[in-house]
1. Say each of residue 151 and residue 28 gets a label point 7 Å from the Cα, pointing the same way as Cα to Cβ; how far apart are those two points in nm?
2. Would you calculate a helix-derived [θ] at 222 nm for the chain, using -39,500 (n - 2.57) for each DSSP H run of n ≥ 4 and dividing by the full residue count, to the nearest 500?
3. At 20 °C and 1.002 mPa s, grab the translational diffusion coefficient of the stretch 364-422 from Stokes-Einstein with a Kirkwood Rh over Cα pairs, rounded to a whole number in µm² per second.
4. Which value in Å does the Kirkwood hydrodynamic radius of the stretch 146-207 take, with 1/r averaged over all unlike C-alpha pairs and then inverted?
5. A 32 angstrom limit on the alpha carbon distance is what I want to check against. Which of 45/98; 238/427; 285/427; 98/285; 207/428; 152/428 exceed it?
6. Cα extents of the stretch 266-330 along the three principal axes, largest first, in whole Å?
7. Relative to the first principal axis of the alpha-carbon coordinates of the chain, what is the inclination of helix 308-339, with its axis defined by its Cα atoms, in degrees from 0 to 90 and to the nearest 10?
8. Test of understanding: what is the full-extension gain from residue 424 to residue 94, defined as 0.36 nm times their sequence separation minus their Cα-Cα distance?
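Every number here is computed from the coordinates shown, using simple stated rules; none is lab data. Treat the numbers as computed from the prediction; the structure is a model and nothing was measured. Cβ sites come from the backbone with ideal geometry, for glycine too, and all protein chains shown count toward neighbours.
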Amino acid sequence: MPFIGMVALLFVHERKWVLVTTLATTLVNAALALQLWVSFDNVEKGLQFVERVEWMPTFGIQYAVGVDGISVLLVLLTTFLPPLCVLGSWDSITTRLKAFMMLILLVEGAMLVVFTALDAFLFFMMWEVTMIPMYFMIVLWGGPNRVAAGLKYVLYSLTGSLLLLIGILALSLQAGTFDILSLAGYDYTPDSEFWIFLALFLGFAIKLPMLPFHTWLPDAHSEAPTAGSVLLAGVLLKMGGYGFIRFCLPIFPEMSHAFAPAVLWMSVAAVLYGGYMALAQVDLKRLVAYSSVSHMGFVTLGIFSFNNEGVEGAILQMVTHGLTTGAMFLIVGQLYDRTKSRSIADYGGLQQRMPRFVAILSLFAVASFGLPTTSNFIGEFLILVGVSYENFVFVVLAMGGIVLGAAYMLWMLQRVAFGEARTEAAKKMTDLNTREMWTIMPLAIAVVAIGVYPGPLLEAMDASVTFVVERLASIL
């Protein structure tokens with residue numbers, strides 16, 4: 001659907017109809033994803049809605065896609081955010097609008113293939129495609145340091161992609177296939193296991209990003225336009241976590257178990273480091289970017305705990321992080337559209353002039369550090385339960401990250417929303433208009449709905465996660 005929308009945009013020239021066409025395309029796609037979820041059988045542990053077409057039979061490469069309980073939730077997330085990105089960019093993108101909208105659709109289409117691909121070559125090809133539109137979003141529509149940030153993003157991404165390519169080629173040379181399910185059933189030699197796992201692990205770790213491979217993220221976020229930041233934080237970072245669950249755990253269970261202690265310590269370090277660095281930021285976007293480093297540390301903590309609670313919590317955390325962090329970037333974009341400033345010191349007293357905005361900002365601020373009845377709480381709670389089976393020390397340290405999260409979010413909220421306005425621009429600000437409310441309210445509803453009733457998401461993933469965890473347990 002996104003690729004059809006890109007073709008349709010070639011024949012549309014008026015600004016209004018470019019926006020309407022893109023919005024309609026993303027809404028239809030979201031409706032199709034919702035239908036997929038409704039039709040999904042929660043009891044079935046295997047893949048559903050599988051399509052296979054011979055693509056390059058000489059090399060054994062297929063166009064093969066399908067979903068299980070893990071990927072169907074990420075498909076939902078991938079289709080949920082682009083309509084909001086279009087609405088959020090309605091007035092703020094003033095140059096080369098058609099190209100920008102086509103890039104949003106290209107990211108969405110490529111991400112959907114990444115999360116549904118059953119062929120490793122197809123997976124890698126679309127993994128690479130996602131990098132191109134994000135680079136151009138940063139370089140053409142970004143901030144004053146956009147070129148340096150774009151190059152840094154590409155260099156890190158290319159390094160990870162090359163490692164991923166080496167790992168996938170090594171897998172196919174040994175197993176004689178690119179089929180991901182078949183790759184998981186092959187017995188690899190001990191020496192090759194280590195090096196292939198390491199290549200794949202590093203490729204996914206850079207994309208996630210894990211500490212210490214995270215340094216591209218704050219720069220990319222701070223320079224990217226609002227829609228670029230939403231897609232980058234909301235969807236693209238999840239490729240790394242999905243890669244761990246789809247490749248590293250089922251294909252190399254012994255190596256995953258051997259690396260687990262180091263990964264758990266790196267994850268705890270990321271949780272604490274990301275929170276500490278967020279506390280030191282004076283730029284709103286960089287604060288949210290460093291909070292992402294902390295939240296993704298929770299994701300790897302859950303994945304490498306190797307139990308149902310931890311892995312389910314990690315998947316749920318990926319979904320809810322996409323919602324809350326995507327919302328925070330949209331909120332920062334709404335402020336930036338009014339004042340052209342992201343500095344926390346340039347605001348203050350917004351509760352007097354923007355009560356609706358402050359109410360929504362407050363919701364996402366407390367949701368970000370996992371207040372009960374908000375979506376992030378469920379994921380973090382399950383992750384802490386899961387990792388407690390490994391070592392309770394990790395739970396105590398990770399809870400320090402939650403305390404830091406409360407500190408930097410509440411400090412930011414106090415400085416931006418309360419007190420007295422510190423600049424003339426802040427004194428003249430107006431509350432959210434109807435379009436901006438339509439942009440942010442779906443995320444607010446989703447965050448509260450998942451926080452109060454996460455059952456449908458947990459039920460959708462349970463059979464697939466149990467299958468992965470049981471296979472790990474039977475081999476180890």
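1. The two pseudo-label positions are separated by 4.1 nm.
2. Working: 21 runs with 347 residues, N = 476.
Dividing the helical sum by the residues of the chain leaves -24500 deg cm²/dmol.
3. Working: Rh = 12.6 Å.
After rounding, the answer is 170 µm²/s.
4. Working: mean 1/r = 0.0797 Å⁻¹.
Over the stretch 146-207, the inverse of the mean reciprocal pair distance is 12.5 Å.
5. Working: 45/98 41 Å; 238/427 38 Å; 285/427 21 Å; 98/285 25 Å; 207/428 40 Å; 152/428 37 Å.
As for pairs spanning more than 32 Å Cα to Cα, those are 45/98; 238/427; 207/428; 152/428.
6. For the stretch 266-330, the Cα extents along the three principal axes come out at 38, 25, 9 Å.
7. Roughly 30 degrees between the two axes.
8. Numbers: separation 330, 0.36 × 330 = 118.80 nm, distance 2.50 nm.
Extra length from residue 424 to residue 94 when fully extended: 116.3 nm.
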